[in-house]
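The values are calculated or read from the model by the stated rules, or taken from the named source; none is laboratory data. Please read all numbers here as calculations on a predicted model, not as lab measurements. All Cβ positions, even for glycine, are placed from backbone atoms using ideal geometry, and neighbour counts span all protein chains on display. Side chains included, ligands, DNA and RNA excluded: accessible areas come from the protein's heavy atoms. Shrake-Rupley method; radii C 1.70, N 1.55, O 1.52, S 1.80 Å.
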Amino acid sequence: MSDCVFCKIVDGKIPSNKVYEDEKVLAFYDIEPKAPVHFLVVPKQHISGAGDINGQNSGIIAHIYEVIARVAGEMNLTSYRVVTNNGTDAGQTVFHLHSHVLAGRVLGGMA
Ligand code: 5GP
Ligand code: ZN
């Protein structure tokens, strides 16, 4: 999508601090980290959010979690939180599916 910030990052039109890349996903550090470790994993294909996952594209979710486990392992993270906000009221501000991975401090309870 031409006006999507994460599509622009995937396309290299906006720079990012990459942590992992393959043919399906890109992982990069969040520009406004909410924890000492805070990176995002996004599909290269534009999917607007978790609410757009269906039987045709759900394989990307398994792949995202495989990538998270791999990258977290490489970073020696034993505790981390994976968050996907869906919709404005849930805090989604970028409407391109992404998983936040947060670690490096005690994260506390999660409602
Ligand atoms: P959301 O609020 O949609 O769940 O998460 C969007 C995240 O993307 C936010 O944590 C925000 O800091 C991050 N973000 C927004 N624009 C950029 C950008 O241009 N580069 C990077 N690296 N992160 C961004
Ligand atoms: Zn996009």
Hey, Asn85 hits all of (1) surrounded by fewer than 18 Cβ atoms within 10 Å (Cβ to Cβ); (2) within 16 Å of ligand 1 (Cβ to nearest atom); (3) more than 20 Å from Ile9 (Cα to Cα); (4) at pLDDT 95 or above but one; which does it fall short on? (3)
What's the total number of residues in region 17-66 that are over 18 Å from Ala103 (Cβ atoms), part of a loop (DSSP other than H, G, I, E, B) and open to solvent by less than 40 Å² (accessible area, probe 1.4 Å)? 4
Residue, farthest from ligand 2 (Cβ to nearest atom), within region 92-111, restricted to residues that are open to solvent by 40 Å² or more (accessible area, probe 1.4 Å) and under 18 Å from Asp30 (Cβ atoms): Arg105
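How many residues are part of a strand (DSSP E or B) and within 9 Å of the chain's Cα centre (by Cα) if we restrict to region 84-102?
Taking region 84-102 as the starting set, the residues that turn out to be part of a strand (DSSP E or B) are 99-102.
This time we only want the ones that are within 9 Å of the chain's Cα centre (by Cα), so: 99-101.
Selection size over region 84-102: 3.
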